[in-house]
Amino acid sequence: MLPLREPAAARPGMTFHQMLERIRYEGAYPTRERAEDVTHAVLGALGRQLTGDERVDLAACLPTEAALVLTSQIPDLQPLTGWGFVKDLATRTGTTPAVARWDTGAVLAVLGHLAGPALLDRILTQLPSGYALLFGRAELTQAA
């Protein structure tokens, strides 16, 4: 009998500091502190959207500090679409939707790399429409 899902394995060697430096590079942020603020905001917002095994497996792929930010959030009862996620982040951080979209893309690009393609596919299957683009993937829809 085949398992329903492959367990996620933490990617050794990436520290929280290294993750922040990748996010700083992706987002072209001037300081590590700015990258850290953005990372906390986006991880917290994502933690309010993900549930179940995908949430647990993603946390296992992240450095401990990032996993704690993700899992410290209580998931929302009504998940947001990708655009709703960006608007909510903009409201919570006091920025524009354009800045929130940029910040989201910078953080989720690195998270997608850490998660790997199989886990990212599962995450995108769980989330409402619009998240694939936030992770830097094409938004594919099934033909009717």
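Given R0 = 30 Å, the distance between the Cβ atoms of THR71 and THR95 translates into a calculated FRET efficiency of 0.80. Only helices enter this figure: runs of n ≥ 4 DSSP H residues, each worth -39500 (n - 2.57), summed and divided by the residues of the chain, yield -19500 deg cm²/dmol at 222 nm to the nearest 500.
Tell me, Kirkwood radius of region 71-120 from alpha-carbon pair distances, in Å? Don't jump to the answer; show the numbers that get you there.
Values: mean 1/r = 0.0829 Å⁻¹.
That comes to 12.1 Å for region 71-120.
For the chain, modelled as a GNM with alpha-carbon contacts under 10 angstrom, which of ILE23, ILE74, ILE123 fluctuates the most? The residue with the greatest mean-square fluctuation here is ILE74. Here the Karplus relation 6.51 cos²θ - 1.76 cosθ + 1.60, evaluated at θ = phi - 60°, turns the backbone of region 57-64 into coupling constants of 5, 5, 4, 5, 7, 9, x, 3 Hz, with x for every Gly and Pro. Charged side chains reduced to their Cβ positions (Lys and Arg at +1, Asp and Glu at -1) give region 32-144 a dipole of some 220 debye around its Cα centre.
For region 97-140, a Kirkwood hydrodynamic radius built from all Cα pairs, placed in the Stokes-Einstein relation at 25 °C and 0.890 mPa s, yields a translational diffusion coefficient of 233 µm²/s. The calculated P(r) of the chain, using every Cα pair and 5 Å bins from 0, goes 2, 10, 20, 24, 22, 13, 6, 2, 1, 0, 0 in percent.
Once you have a ≥ b ≥ c as the square roots of the Cα gyration tensor eigenvalues for region 39-95, tell me rounded if a/c is under 1.5, and otherwise prolate or oblate according to whether a/b is larger than b/c. Note, shape of region 39-95 comes out oblate.
Just so you know, all these numbers are worked out from the coordinates, no wet-lab data involved. Fair warning: this is a prediction, and the values are worked out from it, not measured in the lab. When we count neighbours, we look across all protein chains shown, and the Cβ atoms used for this are built from the backbone with ideal geometry, even at glycine.
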